[in-house]
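> The structure's right below; bear with me while I get my questions together.
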Amino acid sequence: MNDLIIQNIKQLILPKSTDCPLKGKELDELETVENGTVVVKDGKIVYSGAHTDEYEAEEVIDATGKVVSPALVEAHTHLVHGGSREHEMSLKRQGASYLEILEQGGGILSTVESTRKATEEELFEKAEKNLLTMVQHGVLAVESKSGYGLDKENELKQLRVSNRLAEKYNLDMKHTFLGPHAVPKEAESNQAFLQEMIDLLPEVKEYADFADIFCETGVFTVEESKQYIEAAKKAGYDVKIHADEIDPLGGLELAIDEGAISADHLVASSTEGKAKLKHSDTVAVLLPGTTFYLGKEDYADARGMLDNEGAIAIATDFNPGSCVTNNLQLVMSIAALKLKLTPNEIWNAVTVNAAKAIDVDAGTINEGDKANIVIWDAPNHEYIPYHYGINHAQKVIKDGKVIADNHFEL
Ligand code: IZC
Ligand code: ZN
């Protein structure tokens, strides 16, 4: 006997299972089935496709009028941190830029201060709440970065919290060591601090899957980033780069040359960098919620990247400074409006391609896959980015069990 059947699904979204990220025009190819059925047994998908009466199960969910999709994959977050930075909103209103605030010891460095002060338990409770909010919004796979400790003790404190959360909730989580996220006030020089982070790489490996660096004006140069990335690869990490978020330094080119699993942000990337995506499997993780929250006019050139046969994914960049939202659905709306992506492209970018960007087995619900599913209170997949800012996830199903149900009665 099967455990669960979801039937009468108005629209079933079935991203393709693939070994490589979807590139260029492939991103617009998405199978959608009207009047679909999904069957689950032992936490796995037995069947997903057109309506059938062939199966029986202990539990039946009627999804009349609803969309059903794989759970979303959140490919870029700064989940574990102390404190908050709401005071920066008024600084921004007065004209201070993100990098100016950082230069004056605020921004990331203000979160470093709060994170260092917080106990591991305090960080755990705060990150847990934020993680569960993501889950309620339809996410069941999450990447989580350190980078607010900037010393051994506090970076490890953040990474332990991330690992403990993955274990407590048995979630698909990937942990990223972002030691070189900013240069702390006590550092003798950028180079001395970078060397300190490089020296930590082997020891931190136990707690982290990826190594990442903020390659940006006033933070780390392309040369310094290269030095760190090459040391990280030697220490056994897959690598990621925060590249060209504000200025066109050439972080994208470096990421591609180094075979990074992803290059993230890419708002200011050069034409040459974007052209290089063509021959690479590095996933361009675009974070348009950050561009919105920084109040900028120019967004990453997603269409240009796709024209160059690049692979792109979309994520929130959830962090306490430059994108303070746990709602990936909201970022899907911004991707539709500002990156000019089609509904099919957006859905692939937050499922299969996001999964490739963080190397998790997630983002599809084809036969044999984990039954990580969302039932959306929406009539079609275009409706979710269209009706923006609210939570459309009605039921979140993890390993075949309903773990969040947003239905309530007054
Ligand atoms: O705390 O500002 N861009 N790092 C690089 C961030 C944004 C997070 C932050
Ligand atoms: Zn980031």
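Since every read-out is calculated from the coordinates, none of them should be taken as a lab result. Bear in mind the structure is a predicted one, so any value in this text is a computation, not a measurement. Here Cβ is always computed from backbone atoms with ideal geometry, including for glycine, and neighbour counts include all displayed protein chains.
> Mind computing the radius of gyration and Dmax over the alpha-carbon atoms of segment 1-120? Å is fine for both.
Spelled out, the Cα radius of gyration and Dmax of segment 1-120 are 23.4, 65 Å.
> Follow-up question, since we're still on this one. At 222 nm, what value in deg cm²/dmol follows for the chain if DSSP H runs of at least 4 each add -39500 (n - 2.57) and the sum is divided by all its residues, to the nearest 500? Mind dumping the intermediate values first?
Numbers: 15 runs with 138 residues, N = 410.
Taking each H run of at least 4 residues, the total per residue is -9500 deg cm²/dmol.
> Cross-chain or 8 or more residues apart, Cα under 15 Å: how many lysine pairs in segment 195-277 fit that? Count them up, please. If you can, show how the numbers build up before the last one.
Details: K205/K233; K205/K234; K205/K240; K226/K234; K226/K240.
Lysine pairs meeting the criterion: 5.
> Q329: net charge of surrounding residues, Cβ under 14 Å, Lys/Arg +1, Asp/Glu -1, itself excluded?
Values: positive: none; negative: E74, D377, E382.
It works out to a net charge of -3.
> Still on this structure, I have one more. Which whole number in µm²/s is D for segment 236-393 by Stokes-Einstein, with the Kirkwood Rh taken over Cα pairs at 37 °C and 0.692 mPa s? All intermediate terms of the calculation are to be shown ahead of the outcome.
On the way: Rh = 15.9 Å.
It diffuses with D of about 206 µm²/s by this estimate.
> Kindly write out, for segment 338-347 in residue order, the coupling ³J(HN,Hα) from the Karplus curve 6.51 cos²θ - 1.76 cosθ + 1.60 (θ = phi - 60°), rounded to whole Hz, with x marking Gly and Pro.
Once rounded to whole Hz, the list reads 9, 8, 6, 8, 7, x, 4, 4, 5, 5.
> Can you give me the orientation-averaged projected area of the convex hull built on the Cα atoms of segment 91-190, in nm²?
Working: hull surface 29.8 nm².
Seen from a random direction, the Cα hull of segment 91-190 projects 7.5 nm² on average.
> If you take the square roots of the eigenvalues of the alpha-carbon gyration tensor of the chain and sort them as a ≥ b ≥ c, do you get rounded (a/c under 1.5), prolate (a/b over b/c) or oblate?
Note, shape of the chain comes out prolate.
> Between N366 and S270, what's the calculated FRET efficiency when r is the beta-carbon distance and R0 is 35 Å? Round to 0.05.
0.40
> With a point put 7 Å past each Cα toward its Cβ, work out how far K205 is from D42 in nm, to one decimal.
3.5
> What angle, in degrees between 0 and 90 and rounded to the nearest 10, separates the Cα long axis of helix 108-117 from the longest principal axis of the Cα atoms of the chain?
80
> Rounded if a/c is under 1.5, else prolate if a/b beats b/c, else oblate: with a ≥ b ≥ c from the C-alpha gyration tensor eigenvalues square-rooted, which is segment 323-410? Can you show the working numbers first?
Values: a/c = 1.75, a/b = 1.07, b/c = 1.64.
Taking the square roots of the gyration eigenvalues as a ≥ b ≥ c, segment 323-410 is oblate.
> For the charge dipole of segment 235-382, defined by +1 on Lys and Arg C-beta atoms and -1 on Asp and Glu C-beta atoms about the Cα centroid, which residue among V352, T282, N380 has the Cα displaced farthest towards the positive pole?
N380
> Take peptides 207-213, 229-235 and line them up by average Cβ neighbours within 10 Å, highest first, as a rough protection proxy.
Numbers: 207-213: 24.3, 229-235: 18.4.
Per-residue Cβ counts within 10 Å, averaged per peptide and sorted highest first, yield 207-213, 229-235.
> What does the charge count around Q94 come to, taking other residues whose C-beta lies under 13 Å from its C-beta (Lys +1, Arg +1, Asp -1, Glu -1)? It would help to have the intermediate numbers written out before the result.
Values: positive: K92, R93; negative: E88, E100.
Residues close to Q94 contribute a combined charge of 0.
> Express in nm, to one decimal, how much length is gained between I390 and D257 on full extension, taking 0.36 nm for each residue of separation and deducting their alpha carbon distance. Walk me through the numbers before you get to the answer.
Working: separation 133, 0.36 × 133 = 47.88 nm, distance 3.96 nm.
Taking 0.36 nm per residue and subtracting the Cα distance, the gain is 43.9 nm.
> Below 13 angstrom from the Cβ of Q11, what's the summed charge of the other residues (Lys, Arg +1; Asp, Glu -1)? Before the final figure, lay out each step's value.
Values: positive: K10, K66; negative: E31, E34, D377, E382.
The answer is -2.
> Based on DSSP, what percent of beta bridges with both residues in segment 73-358 are antiparallel, to the nearest 5?
Working: 1 of 27 bridges.
Around 5 percent of the beta bridges assigned by DSSP in segment 73-358 are antiparallel ones.
> Further question: Taking θ = phi - 60°, what integer Hz values does the Karplus form 6.51 cos²θ - 1.76 cosθ + 1.60 yield along segment 207-221, in sequence order, with x for Gly and Pro?
10, 9, 8, 10, 10, 9, 8, 8, 8, 7, 3, x, 10, 10, 6
> Quote the charge dipole size of segment 73-358 about the Cα centre in Debye, to the nearest 20; the model charges only the Cβ of Lys and Arg (+1) and of Asp and Glu (-1).
720
> Obtain the nm distance between the two label points defined at D359 and V222 by a simple spin-label model: each point lies 7 Å from its Cα along the Cα-to-C-beta direction.
Roughly 2.6 nm, to one decimal.
> Positive end of the dipole of segment 73-358, charges at C-beta (+1 Lys, Arg; -1 Asp, Glu), about the Cα centre: which of L99, T176, V324 has its Cα farthest in that direction?
Farthest towards the positive end: V324.
> With contacts defined as alpha carbon pairs under 8 Å and 6 or more residues apart, what's the relative contact order of the chain in percent?
Numbers: 1011 pairs, mean separation 89.4, N = 410.
Contact order relative to length: 22 percent.
> Could you let me know the centre-to-centre spacing of segment 66-109 and segment 351-378, using Cα atoms, in angstrom?
26
> Now for a separate question. Quote the charge dipole size of segment 356-410 about the Cα centre in Debye, to the nearest 20; the model charges only the Cβ of Lys and Arg (+1) and of Asp and Glu (-1).
Result for segment 356-410 is approximately 80 debye, rounded to the nearest 20.
> Taking 41 Å as R0, compute the FRET efficiency from the Cβ-Cβ separation of L294 and N380 and round it to 0.05. Don't skip to the end; give the middle numbers.
On the way: r = 32 Å, r/R0 = 0.77.
The calculated FRET efficiency here is 0.85.
> Something else: Using the Cα centre of the chain as origin and beta-carbon charges of +1 (Lys, Arg) and -1 (Asp, Glu), tell me which of T64, A166, P15 is placed farthest towards the positive end of the dipole.
The one lying farthest along the dipole's positive direction is T64.
> Sketch the reach of a paramagnetic label on H87 as a point 7 Å from Cα along Cα-to-Cβ, and name the residues of segment 107-125 whose backbone nitrogen lies under 19 Å away.
107-118
> While we're on this one: From the Cα gyration tensor of segment 187-266, with a ≥ b ≥ c the square roots of its eigenvalues, which class applies: rounded if a/c is under 1.5, or else prolate if a/b is larger than b/c, or else oblate?
Working: a/c = 2.03, a/b = 1.19, b/c = 1.71.
Oblate shape, in that a/c is at least 1.5 and b/c is the bigger or equal ratio.
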